[in-house]
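K.L.:
Sharing a structure, written as structure tokens. Questions coming.
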Amino acid sequence: MGEKLTPQQQVTDYFNTWESRWGYRLLLKGTKHFGYYPEGSEQLSMSEALRLMEDELAQRLALDRGALVLDAGCGEGGTALHLAGNYGLRIQGIDLLDTSVAAANRKAKDLELDERVTFHTGDYMELTYAKGTFDGVYAMETLVHVADFGKAFQGFHRVLKAGSRLVLFEYSLLPREKMTSRQRAIVDLVIEEAALYSLPAFSHGQFPNLLSQAGFGDIAVENITPRVMPMLTKFYRFAYFPYQLIKFFGLQRQFVNATCAVEWYRDIIENDLWRYNIISASKPAEHFIREQ
Ligand SMILES: C[S@@+](CC[C@H](N)C(=O)[O-])C[C@H]1O[C@@H](n2cnc3c(N)ncnc32)[C@H](O)[C@@H]1O
């Protein structure tokens, strides 16, 4: 019998599949997050929308130039480099994928941002930074992949300075009991193949409970699904015809991104199956922690 893969190995395998590597490269130039389309701006290019999403992050972090920030699950570093180049933040990025980290460091050097931004290979579940190192922490579409989000929250809380902010860009799902059996089957397939370990716990409306249990306060959750819908529509159209063949030959597990792009699309629009959220929360200030 084959050895059971760890969650980290499954995440790495998912991002190293042919479909993921080429899909992200061709469509998003290596960035792996959704774009932001302000109302009435559906015609924006993908890269304009990606940068606008990163501007949304900068606004939620609301930090001064020179502030030190952790990018948990940095991928190829597009977000960190945008924040460093345009907002003057100093950023430490960490990711499981050594190829992504190498690409991120190359880009930082090319853009002459390598003094302000550094990326390294590692697991953000095992942060070794001293307590209170960072003025801000963010995780852009990565927390769904961890097997123990409570442990990730504890780590983020520990490395944040008191009074500083955590910002998550994260998905949530319709509560399972409200899904039809068809929705459940396709959701389960995507969760399994894309290593989305925490997604079942991220039901709509759950983030405030989960974050307050981890000691965060001042929690805000914004459902911005309409602002990412134009990108979902592009992915749906791009994947629609290839997906008919994928489905015919029963290859959904091998092409999970195309499967998700087509199979979830109508249910997102009509049944609130999936949401895209911006979540911010603060580590309470020191005097408040002492009084608890
Ligand atoms: C959807 S991608 C997002 C990448 C990047 N934040 C972006 O916006 O382009 C998720 C990333 O999280 C990374 N990741 C998942 N779990 C991780 C962990 N425990 N530690 C470090 N990185 C992790 C994956 O390797 C992947 O690069």
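The values are calculated or read from the model by the stated rules, or taken from the named source; none is laboratory data. Quick caveat, the model's predicted, so the values are computed rather than measured. With ideal geometry, Cβ positions are generated from the backbone for all residues, glycine too; neighbour counts draw on all protein chains shown. Remember, those area values only see protein heavy atoms, side chains included, never the ligands or the DNA or RNA. Shrake-Rupley method; radii C 1.70, N 1.55, O 1.52, S 1.80 Å.
K.L.:
Looking at segment 89-96, can you tell me whether even one residue there is touching a Phe, Trp or Tyr at 6+ places or on another chain (Cβ under 9 Å) and either loosely packed, with under 13 Cβ neighbours inside 10 Å or without any contact (Cβ under 8 Å) to a residue 12 or more places away in the chain (or both)?
P.N.:
no
K.L.:
Considering each of L57, L52 in turn, give the residue that is open to solvent by 30 Å² or more (accessible area, probe 1.4 Å), assigned to a helix (DSSP H, G or I) and closer than 24 Å to S164 by Cα.
P.N.:
The unique qualifying residue is L52.
K.L.:
Ok, one more. So P226 ticks every box in (1) surrounded by fewer than 18 Cβ atoms within 10 Å (Cβ to Cβ); (2) within 26 Å of W18 (Cβ to Cβ); (3) touching an Asp or Glu at 6+ places or on another chain (Cβ under 9 Å) but one. Which box is left unticked?
P.N.:
If we test P226 against (1) surrounded by fewer than 18 Cβ atoms within 10 Å (Cβ to Cβ); (2) within 26 Å of W18 (Cβ to Cβ); (3) touching an Asp or Glu at 6+ places or on another chain (Cβ under 9 Å), just (2) comes out false.
K.L.:
Which of the residues spanning segment 1-36 are crowded, with 16+ Cβ neighbours inside 10 Å and in a loop (DSSP other than H, G, I, E, B)?
P.N.:
T17, G30, T31, K32, H33, F34, G35, Y36
K.L.:
Among what's in segment 193-209 and is in contact (Cβ under 8 Å) with a residue 24 or more places away in the chain and open to solvent by 20 Å² or more (accessible area, probe 1.4 Å), pick the residue that is farthest from D272 (Cα to Cα).
P.N.:
Within segment 193-209, the match that is farthest from D272 (Cα to Cα) is E193.
K.L.:
If you don't mind, another one. Would you point out the residue of segment 155-178, among those that are of a type in the set (D, E, K, R) and within 16 Å of the ligand (Cβ to nearest atom), that is farthest from L61 (Cα to Cα)?
P.N.:
R158
K.L.:
Related question: Just wondering, is there one or more residues in segment 68-77 that are within 16 Å of the ligand (Cβ to nearest atom) and over 30 Å from G163 (Cβ atoms)?
P.N.:
Yes, segment 68-77 has at least one match.
K.L.:
Quick one: which residue in D123, D114 is within 12 Å of the ligand (Cβ to nearest atom) and open to solvent by 20 Å² or more (accessible area, probe 1.4 Å)?
P.N.:
Going through D123, D114 in turn, the sole match is D123.
K.L.:
Filter segment 126-139 down to the residues that are away from the ligand (no atom under 14 Å from the Cβ) and either open to solvent by 30 Å² or more (accessible area, probe 1.4 Å) or within 22 Å of N277 (Cα to Cα) (or both) and list them by number. Let's see the steps before the verdict.
P.N.:
Step one: of segment 126-139, the residues away from the ligand (no atom under 14 Å from the Cβ) are 130-136.
Across segment 126-139, the qualifying residues are A130, K131, T133, D135, G136.
K.L.:
Quick one: in segment 86-102, of everything that is in a helix (DSSP H, G or I) and in contact with a strand residue (DSSP E or B) (Cβ under 9 Å, 6 or more places away or on another chain), which residue is nearest to the ligand (Cβ to nearest atom)?
P.N.:
Filtering segment 86-102 for residues that are in a helix (DSSP H, G or I) and in contact with a strand residue (DSSP E or B) (Cβ under 9 Å, 6 or more places away or on another chain), the one nearest to the ligand (Cβ to nearest atom) comes out as S100.
K.L.:
For residues in segment 1-37 being farther than 16 Å from M53 by Cα and of a type in the set (S, T, N, Q), which is farthest from the ligand (Cβ to nearest atom)?
P.N.:
T17
K.L.:
Now a separate question. I'm told G205 meets every condition in (1) modelled with pLDDT of 95 or more; (2) part of a helix (DSSP H, G or I) except one. Can you identify the failing condition by its number?
P.N.:
All conditions pass for G205, except number (2).
K.L.:
I'd like to verify a number: residues in segment 140-154 that are near the ligand (Cβ under 9 Å from one of its atoms) and part of a helix (DSSP H, G or I), how many?
P.N.:
Number satisfying all stated conditions: 4.
K.L.:
Let me ask something else about it. S47 is checked against (1) of a type outside the set (A, V, I, L, M); (2) open to solvent by less than 40 Å² (accessible area, probe 1.4 Å); (3) free of Cβ contacts under 8 Å to residues at least 60 places away in the same chain and fails just one. What number does that condition carry?
P.N.:
Status for S47: all satisfied but (2).
K.L.:
May I pose another question? May I ask you to say which residue of Y236, Y240, Y276 is part of a helix (DSSP H, G or I) and surrounded by 14 or more Cβ atoms within 10 Å (Cβ to Cβ)?
P.N.:
Sole residue among the options that is part of a helix (DSSP H, G or I) and surrounded by 14 or more Cβ atoms within 10 Å (Cβ to Cβ): Y236.
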